[in-house]
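Peer 1: Would you mind keeping the following structure in view while I ask a few things?
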Amino acid sequence: MADNIEINKLIAVLEQSELNLLVDLRTGDGFNEKAYEKVVEMLTLFEKEWKEVSSIPKEVATIMVELYGELYNFSLNYSGEESERILKAAKNIKRLIEECLEGIEEAQLEKNQLFTKLFAYINEDGHFFEKLRSGKGFDDQQFEKIYEALESIMDEVHSWETLPKAFITILINFYEMDLFVYTYQEEFHQEEEADKIYDAYERVFELIAG
């Protein structure tokens, strides 16, 4: 296992590579293959490094939470082969992130009283995020309970240097609510539900960002 100094260097490489990748896409310069490959390299290293641990540094967690959604949205902004390259990269990064977060069951985190209500409310009535994915719409009452539980958690979590893997997975689900907006508009043709989801995403994003 690498020491803290080496880990911090690797985290810095990941942060810079992610920045290079996203800035080039944001400015219209297209897909930066070199930056993408470095992101993949770092995530692969971290998957091996943190396979047996339950929490990972917040800096890396933040990248994991945001990166797939960012890339997916950029794939919609580009067209043709460039769009396909970005989407393919997004899916591969999502897979790598999921592998990094494997091994720690949600049930273990549920034993922590800080997270008990959050997981209970998410899992109510067929699971909040699964209902969104399947096109069942946005459950206003369930979301408000989830948001209240998340709000109480974030007051404490903002001061932590590492985040539990299972909680990072939940944060990814929150962050990717943005992607459901497009799905509900274009596939399900439910504009009102899309608006509700986007408003909820904005509230959660502001809360997570602190």
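The values are calculated or read from the model by the stated rules, or taken from the named source; none is laboratory data. Please read these numbers as outputs of a predicted model, since none were measured by experiment. Cβ sites come from the backbone with ideal geometry, for glycine too, and all protein chains shown count toward neighbours.
Peer 1: List, please: which pairs have Cβ atoms under 7 Å, are six or more places apart or on different chains, and start with a residue in region 151-163 that is touching a residue at least 24 places away in the same chain (Cβ under 8 Å) and end with one that is in a helix (DSSP H, G or I) and basic (Lys, Arg)?
Peer 2: That search, which allows pairs on different chains as well, returns Trp160/Lys58; Glu161/Lys58; Thr162/Lys58; Leu163/Lys58.
Peer 1: Filter region 117-146 down to residues that are on the phi > 0 side of the Ramachandran plot and touching a residue at least 12 places away in the same chain (Cβ under 8 Å) and give me whichever is surrounded by the fewest Cβ atoms within 10 Å (Cβ to Cβ).
Peer 2: The selected residue is Asp125.
Okay, residues lined up against (1) surrounded by 18 or more Cβ atoms within 10 Å (Cβ to Cβ); (2) closer than 20 Å to Ile122 by Cα; (3) modelled with pLDDT of 95 or more:
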site	(1), (2), (3)
Glu148	no, yes, yes
Ser152	no, yes, no
Asp155	no, yes, no
Lys165	yes, yes, no
Ile170	yes, yes, no
Tyr182	no, no, no
Glu192	no, no, yes
Gly210	no, no, no
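Peer 1: Here's something else I'd like to know. Answer yes or no: is there a residue in region 39-56 that is assigned to a helix (DSSP H, G or I) and of a type in the set (Gly, Ala, Ser).
Peer 2: There is no residue in region 39-56 that is assigned to a helix (DSSP H, G or I) and of a type in the set (Gly, Ala, Ser).
Peer 1: Here's a follow-up. Search region 72-88 for residues being within 18 Å of Tyr175 (Cα to Cα) and either touching a residue at least 24 places away in the same chain (Cβ under 8 Å) or not assigned by TED's automatic domain parsing to the domain that holds Leu19 (or both), and hand back the single one that is surrounded by the fewest Cβ atoms within 10 Å (Cβ to Cβ).
Peer 2: Leu76
Peer 1: How about region 184-205: which of its residues are touching a residue at least 40 places away in the same chain (Cβ under 8 Å) and assigned to a helix (DSSP H, G or I)?
Peer 2: Tyr184, Glu193, Lys196, Ile197, Ala200, Arg203, Val204
Peer 1: Would region 170-179 turn up any residue that is assigned by TED's automatic domain parsing to the domain that holds Phe138, part of a helix (DSSP H, G or I) and over 23 Å from Leu101 (Cβ atoms)?
Peer 2: Checked against the condition, which is being assigned by TED's automatic domain parsing to the domain that holds Phe138, part of a helix (DSSP H, G or I) and over 23 Å from Leu101 (Cβ atoms), region 170-179 yields no hits at all.
Peer 1: Of all residues in region 22-32, how many are free of Cβ contacts under 8 Å to residues at least 24 places away in the same chain and surrounded by 14 or more Cβ atoms within 10 Å (Cβ to Cβ)?
Peer 2: The number of residues fulfilling the criteria is 2.
Peer 1: Go through (1) farther than 19 Å from Phe174 by Cα; (2) modelled with pLDDT of 95 or more; (3) crowded, with 17+ Cβ neighbours inside 10 Å and name the single condition Met64 misses.
Peer 2: With (1) farther than 19 Å from Phe174 by Cα; (2) modelled with pLDDT of 95 or more; (3) crowded, with 17+ Cβ neighbours inside 10 Å applied to Met64, the lone miss is (1).
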